[in-house]
Amino acid sequence: MFVLNRLEVLACSSRAPGDHVNAMIRHMPEKAEQRAQALFADAQERWREALEAHRTAPPDSGFSERLAALAAAARAEAEACREADANGFEWPPHRATESKPPYELQPGSGRRGPHELWLRFDDAVADLSRTAAGTDLLEVAAAYERLAGATAALAEAVAELDRASGLLPRARARRSA
């Protein structure tokens, strides 16, 4: 599911001849290539950090924040994929399409939040796994975008539930001056 070694950071065209990554690169202005690689590297780092936060998390009030960070990381991945596609890169099929999300995000782990939103999340995870096995960057971008939407909805719903239960402080009402 969650692809940690996505593009092995969109390798640059200055690699040695015969390197398998050269096949991913078409001729493009160096600045555009560098921007695409920088965006991808940044998105990958955010993705790794968001997943690591879920892997090492105790059940706590920070769950909704971790979900929101994962949604933001998925959106960054989608943006990086669209930018890379616009600059002539291709998506290398991912080999680990059977990987699973961190435990706290898996069915049966006691996930907090509305069941129907978790079903949407699970569908988005499966969709990302399927599209990551292909080579179309725009399809991968769309899958990340669907995952971002599902995860953002979960983050909001879990935060509301946590505020209602007292696990998170209630939002303070603003008073006029």
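Just so you know, all these numbers are worked out from the coordinates, no wet-lab data involved. What you are looking at is a predicted structure, and each value in this text was computed from that prediction instead of being measured. Reconstructed Cβ throughout: ideal geometry from the backbone, glycine too, with neighbour counts over all protein chains shown.
How large is the Kirkwood hydrodynamic radius of segment 20-165, counting all unique pairs of alpha carbons, in Å?
Details: mean 1/r = 0.0627 Å⁻¹.
Here the Kirkwood hydrodynamic radius works out to 16.0 Å.
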>> What's the magnitude of the charge dipole for segment 39-131 around its Cα centre, counting Lys and Arg as +1 and Asp and Glu as -1 at the beta-carbon? Answer in Debye, nearest 20.
In response: 260
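Packing-wise, with mean Cβ within 10 Å as the measure, how do 70-81, 110-121 rank, highest first?
Values: 70-81: 23.8, 110-121: 15.8.
Those peptides, ordered most packed to least, come out 70-81, 110-121.
Using the Cβ atoms and a cut-off under 10 Å, what net charge is assigned to the surroundings of F63, where Lys and Arg are +1 and Asp and Glu are -1?
Values: positive: R66, R111, R112; negative: D60, E65, E104, D162.
It works out to a net charge of -1.
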> Taking R0 as 30 Å, what's the FRET efficiency between S109 and D42 from their Cβ-Cβ distance, rounded to 0.05?
Replying inline: 0.55
> Applying the Karplus parametrisation 6.51 cos²θ - 1.76 cosθ + 1.60 with θ = phi - 60° to the phi angles of segment 150-161, what ³J(HN,Hα) value in whole Hz is obtained for each residue in order, glycine and proline being reported as x?
Replying inline: 5, 6, 5, 5, 5, 4, 5, 5, 5, 4, 4, 4
